[in-house]
Amino acid sequence: MIDQAKDKLPGLALAAVCAALAYAISLAVPLLSAMLIAIFIGIFIRNIGWIPQVAEPGMAVAGKTVLRAGVVLLGLRLSIPQVLELGWGVVAVITLTVAGTYVASLALGRLMRLPHAVTVLTATGTAICGAAAVAAMSAVVKGDDNESVEEAAATAIASVTLFGTIGLIVVPWLGQAIGLEPNQIGVWIGAAVHEVGQVVAGAGIAQNAQPDSQVGAMLVDTALVTKLGRVVLLAPLVAIIGAIEASRHLHRTHPDGSKTPVVPYFVLGFLAMVIVRSVTNLPESVTNGVNTIATILFTMAMVAMGSGVRLKKLASTGGRALLMGGITGIVSALISLVGLYVLV
């Protein structure tokens, strides 16, 4: 057991060092997600041959166990009562946006004849919460024949990061231009922009345009809570798709005789953390610390995902996948905007 743990240390150390580098670059250039940078670092070191054989076991752990630990901790960001305080109209907008965007994305991916994993992961990242959602779904999705889930995840993360960044600039400006109320702008940003960090940035742009500082602060809070309402739906979506994927591939039993649970254990852990946050009043220092740890774990996992990417193979579907990400980003914005006019 000890020897097995030692075998994994070099790869985990390499992933940690690369994650620290990605995090430092993100601090210097805030518009660049640390997770996206980590993906590219992983791709770079893989394709120039900088990953020694001794690091492979640890990289595999970073791409699976470390990733799932990050998903579990992500649950402590979410308080269900806080989401419900937005009102049932906003909850309906969140649900409609997630469901409509996901279904439309699947249909578009099939229409464009994109590989299965690319389609599912791009749909998940666009509908839920960008890179973190792609990472969570990548733990249960199964690729088509000869399709690498790591390469599909890298493509999906690049797509949702790019169009989420465009969205954080366009949505606040467009909300002002079409005359939405500050509360509606906050809901729209939270429902239409992909990453949590991008939502915070977009809400900050909208806040600066408000003459009343108190109204601006409420806009930011509304945007963030709306976004976290979308994240709440990550667990049921991963559980449903995980069951479908297991059934589709008939892989419910492992070679050692154990069975794959219908609901993955890390999803149950995520839900447990949501419940803890919803029924307790955790100190802000605790939640901030957990968020930081979750970000570090996700960033390490993204290095491992990037290290599974072979550029020559990725080039064959990358362009079409980016096109899909752009179209589905627009679909998400339109569904949430229509929902705002009808329900809020």
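Overview of results
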{"item": "Sorted by Cβ neighbour density within 10 Å, fewest at the top, the residues 23, 265", "result": "265, 23"}
{"item": "Number of Lys pairs (Cα under 25 Å; 8 or more positions apart or on different chains) in the chain", "result": "10"}
{"item": "The chain, helix-only ellipticity at 222 nm - DSSP H runs n ≥ 4, -39,500 (n - 2.57), divided by all residues, nearest 500", "result": "-25500 deg cm²/dmol"}
{"item": "Percent RCO, i.e. relative contact order, over the chain, from Cα pairs under 8 Å lying at least 6 residues apart", "result": "34 percent"}
{"item": "Helix axis angle, 284-306 relative to the chain longest principal axis, alpha carbon, degrees", "result": "50 degrees"}
{"item": "Estimated distance in nm for a label pair at residue 221 and residue 240, the labels positioned 7 Å out from Cα along Cα-to-Cβ", "result": "3.1 nm"}
{"item": "The stretch 135-212: relative contact order as a whole-number percent, Cα under 8 Å and 6+ apart", "result": "30 percent"}
{"item": "About the Cα centre, charge dipole magnitude for the chain (Lys/Arg +1, Asp/Glu -1 at Cβ), debye", "result": "660 debye"}
{"item": "Cα shape, the stretch 1-78, gyration tensor, a/c 1.5 rule", "result": "oblate"}
{"item": "Cα-projected label distance for residue 27 with residue 7, points at 7 Å along beta-carbon direction, nm", "result": "3.6 nm"}
{"item": "Folded to 0 to 90 degrees: helix 265-279 orientation relative to the chain principal axis, Cα", "result": "30 degrees"}
{"item": "Point-to-point label distance, residue 85-residue 272, nm (Cα→Cβ direction, 7 Å offset)", "result": "2.7 nm"}
{"item": "Principal-axis tilt of helix 34-47 within the chain, Cα atoms, nearest 10 degrees", "result": "30 degrees"}
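No value in this document is a laboratory result; all are computed from the given coordinates. From a predicted model like this one, the values you see are computed outputs, not experimental measurements. No Cβ is skipped: glycine too gets one built from the backbone with ideal geometry, and neighbour counts run over all protein chains shown.
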